[in-house]
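We did not get these values from a lab; they are worked out from the coordinates using the rules stated. A quick note: this is a predicted structure, and the numbers were derived from the prediction, not measured. So basically every Cβ, Gly included, is an ideal-geometry build from the backbone, and we count neighbours across all protein chains shown.
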Amino acid sequence: MAKDTRHTRDAAEDTLDVLVVGAGFAGMYAIHRFRELDLNVKVIEAGSDVGGTWYWNRYPGARCDVPSLEYSFGFSKELEQDWHWPEVFSAQKDILRYADHVAERFDLRRSIQFNTRVTSVEYLEEDNRWRITTDKGETFEAPCCVMATGCLSVPNKPELPGAEDFTGQTLHTGLWPKEPVDLSGKRVGIIGTGSSGVQVIPELARQAQHLTVFQRTPVYTVPANRKPMRGAVEQEFKDNYPQIRESQWNNQGGVSNFRPVKSVAPDRARYLNRGEGLKIKSMTPDERRRQLDDRGLESILSFSDIYADLEANEIANELFRDKIRSMINDPEVAEGLMPRGFGIGCKRQVLDRDYFDTFNRDDVTLVDLRSSPLETITETGIRTSTEHHEFDVLIYATGFDAMTGALLKANITGRNGQSLRDKWEHGPVAYLGLQMHGFPNLFTVTGPGSPSVLCNMLVAIEQHVNWIGDCIAYLKARNLATIEPRPESELEWIGHVNDVAEGTMFTSPGCNSWYLGANIPGKPRIFMPYVGGFPRYRERCEFEASRDYPGFQINA
Ligand code: NA7
């Protein structure tokens, strides 16, 4: 492979310890951490700058669903204290500003080669080195390689009949252009109503002359917190950061759930009275409705029994549908927006700003693809079984080939020429989402089988990069050649990952989510993230590192 390419080995590369693919938050922190460990690191990044997911997902309305004071790095106390988040839940542009600040502050860019896409990642067995080949025909080599390629980084663009015939502009939310897109006076069609669709649809409706929403599966979405950051709240967080970071490491999802007390006493009281822990099954229909009327649709998530008890879950789902009936003026549109056949908690919770209100606008049309399936895309729009809809711009909000997509796209080949694609033919086989047998010294950040997308991503990234950095430093200090998981460790771990997902809402009947790979035709249906909680997972990783990696094979 890549025999005819120019290998650009130079003096710096001879001392390179680690190659990293991707300069999102994982790759960025890897540079900082690996430098601290005296490891020589180089990062290859396809984009023109840092930020990863937040670099590519620039669509209007893109926003994080974890509070920013928590969705931020904890490795630098000074950074934590200096940075100011303008809103409680940040918009994409503010997260990208943060990424830029981190890159500048820690002088990260000098270790990154931008505008370069990795086309293959190959283990050179005789030399015990990893070789990366890029779209520029360059190759780079190092003894270790870290795939920091992200969980949601390969956009899914379904193959729809006639797609090539459309003569208007086509956009994907996950590959939104850097230049502003002017939609004023335009007729816009959008396919997809997941998190991205729900965030972008109200914004598109405000800009476009007319918006047509093609929806295959309606969504359980609840209003997001849209508060600007109050100085006193921010200060209280900053005063308590050590405790907050510790709580994150001990919380199932890597969030501290720290609630400011001094600065927001009235809100605190409201929070305490919000009905946390109420059981929906033990309430009367009137009490349930009052709960939502008084405390908002979002309070539906706080019923404690709806995530494990299918009967309680269905009561909540019906309550949600009732609420939609009361929010949407046109009963037919309301019916179209009602999720059925799967429950709250099956998919990642979607948070919105004005989503349902948008469907009360005269210039927004909902097309329910369940009752009128999409037949073909045409030169001027989309034909369904009942109608032809015309527009000037077609937007795909159709999600990602999640968790495994970027790893498979990188064309990784391990020992004996085995490709990762072959190894993962029936689903991702890995140990702790960190390494794969047959791929010595290759590491994945937040790979399948780790808490990853079920955890505050910045917390998960720091834990993984710390573990990987320590592991590489361990090998280097002892002059050891390779580390890779034992095959039996992988099998035991995958069994455990599946066992803990069993019986949860994530794998409940009728639940088809990208967690399961169900959004990609032909993708093996396996629950990919680890649902057993971040602390349990972290302890397992710490056990391995503290006992000289018993679940791994190490070769001198
Ligand atoms: P999602 O959550 O995977 O949503 C994708 C949407 O696109 C969803 O409504 C899909 O409907 C729809 N889709 C996908 N393919 C098709 C076809 N062929 N026809 C019609 N509709 C289709 O991706 P997002 O980008 O919104 O969010 C991903 C994560 O990013 C999110 O969970 C957050 O963590 C951030 P379907 O449900 O498959 O019927």
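Summary table
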| read-out | value |
| --- | --- |
| Average projected area [Cα convex hull, the range 397-547], square nanometres | 9.7 |
| Zone of Glu332's modelled label, taken as backbone nitrogen in the range 388-409 under 20 Å from a point 7 Å along Cα→Cβ | 388-391 |
| Rg followed by Dmax, in Å, when the range 182-328 is reduced to its Cα trace | 19.1, 51 |
| Out-of-range pairs (alpha-carbon distance over 27 Å; input Lys157/Lys178; Lys136/Lys157; Lys281/Lys347; Lys178/Lys523; Lys93/Lys157) | Lys178/Lys523 |
| Sum of side-chain charges, Glu425 neighbourhood, beta-carbon under 14 Å (Lys, Arg +1; Asp, Glu -1) | +3 |
| Beta bridges by DSSP in the chain, antiparallel share as percent, to the nearest 5 | 40 |
| Spread of Cα-to-Cα distances over 10 Å intervals beginning at zero, given as percent, for the chain | 3, 17, 27, 27, 18, 7, 1, 0 |
| The chain: relative contact order in percent, alpha carbon pairs under 8 Å with at least 6 residues between | 19 |
| Sorted peptide list for 38-49, 230-241, criterion being average Cβ within 10 angstrom, highest first | 38-49, 230-241 |
| Förster radius 41 Å - calculated FRET efficiency between Asp470 and Asp165 (Cβ-Cβ, nearest 0.05) | 0.15 |
| Separation in nanometres of the label points that stand 7 Å from Cα toward Cβ, at Arg478 and Glu104 | 4.3 |
| Simple Cβ-charge dipole of the range 362-497, Lys/Arg +1 and Asp/Glu -1, about Cα centre, in debye nearest 20 | 1040 |
| Ordering of 537-543, 14-20 by packing [mean C-beta count within 10 Å, highest first] | 14-20, 537-543 |
| Shape call, the range 189-232: gyration tensor on alpha carbons, a/c limit 1.5 | oblate |
| Across the chain: Cys residues that no other cysteine approaches within a C-beta distance under 4.7 Å | Cys64, Cys144, Cys145, Cys151, Cys455, Cys471, Cys541 |
| Asp362-Val500 FRET efficiency (beta carbon distance; Förster radius 56 Å; 0.05 resolution) | 0.70 |
| Mean Cβ count within 10 Å, highest first, over the residues of peptides 465-477, 439-451, 202-214, 321-333 | 439-451, 202-214, 465-477, 321-333 |
| Full-extension gain in nm, Arg289 to Arg259, via 0.36 nm per residue minus C-alpha separation | 8.1 nm |
| Per-q log10 I(q)/I(0), the range 482-544, q = 0.12, 0.17, 0.22 Å⁻¹ (Debye; single scatterer per alpha-carbon; no solvent) | -0.37, -0.70, -0.99 |
| Normalised alpha carbon radius of gyration of the range 207-258 [divisor 2.2 N^0.38 Å] | 1.87 |
| Backbone N under 16 Å from the Lys178 label point (7 Å along Cα→Cβ), restricted to the range 28-61 | 45-59 |
| C-alpha long axis of helix 25-36 to longest principal axis of the chain, angle in ° | 30 |
| Rotationally averaged projected area of the range 324-436 (alpha carbon convex hull; nm²) | 11.4 |
